[in-house]
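Trainee: Here it is, the structure in full.
Rule-based calculations on the coordinates, nothing more; no lab input. All figures in this text were calculated on a predicted structure; none of them were measured in a lab. Cβ placement follows ideal geometry from the backbone for every residue including glycine, while neighbour counts extend to all protein chains displayed.
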Amino acid sequence: MAHQLAAYTIRNLAPDEWPLYRTMRLRALQDAPDAFGSTLATESDRSPEEWAARLARAATSGIDHALAAEIAGQPVGLAWAKVDADAPALVNLFQMWVAPEARGQGVAAGLLTEAVRWARARGATAMQLGVNCANDAAVRLYARAGFVATGWREPMRPGSDQVEQRMRLVIAGS
């Protein structure tokens, strides 16, 4: 029996979609607590005003690119690209997550492709991210896209036994 991949859409999150963003971000933290620097407890404590302000800033800052992935209109993925505060030619990728039911369908690669496209369009020369060393699927995804380990490693969060490594992509054509 052939497995048919679902078509997905990658799009920007609009400022008024903060409830959707909050739901996806909290779901990501619950699903994969060792994949992120933040925690479900920390993010759950944020007020609706904080969630709304985060997306409103992203929409107007010019340095943020908040992305959602959808299949059949249902949210299944999230990623956030942001220009580095200290190095404007560098874009950082955060909050990359795909729902378990949508994994293996190219959604993560689609989110990553759109984030890199945006970084290139901004004139960035590199993109970097942190990934849990134990998350083999994520490490392979980034390696397939051309990211290489930089050698920088540290605990995911203070007190965590999980180790994060930094990976970097040189963006050609910038």
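Trainee: Putting +1 on Lys and Arg Cβ atoms and -1 on Asp and Glu Cβ atoms, find which of 90, 59, 23 reaches farthest to the positive end of the dipole of segment 9-170.
Mentor: 90
Trainee: Considering Cα pairs under 8 angstrom that are at least six residues apart, work out the relative contact order of the chain and quote it in whole percent. Before the final figure, lay out each step's value.
Mentor: Working: 293 pairs, mean separation 33.4, N = 174.
Computed value for the chain: 19 percent relative contact order.
Trainee: Still on this structure, please answer the following. When a/c is below 1.5 the answer is rounded, else prolate if a/b is larger than b/c, else oblate, so apply that to the chain with a ≥ b ≥ c taken from the square roots of the Cα gyration tensor eigenvalues.
Mentor: In terms of gyration-tensor shape, rounded.
Trainee: Using DSSP, restrict attention to beta bridges with both residues in segment 1-152 and report what percent are antiparallel, rounded to the nearest 5.
Mentor: On the way: 18 of 22 bridges.
That works out to approximately 80 percent antiparallel.
Trainee: Distance between the C-alpha centers of segment 144-174 and segment 12-40? Whole Å please.
Mentor: Comparing the Cα centres of segment 144-174 and segment 12-40, I get a distance of 21 Å.
Trainee: Another question, if that's okay. Placing +1 at every Lys and Arg Cβ and -1 at every Asp and Glu Cβ, with all other atoms neutral, what dipole size does the chain have around its Cα centre, in debye to the nearest 20? Don't skip to the end; give the middle numbers.
Mentor: Details: 18 positive and 18 negative charges, 105 e Å.
So the dipole magnitude of the chain works out to roughly 500 debye.
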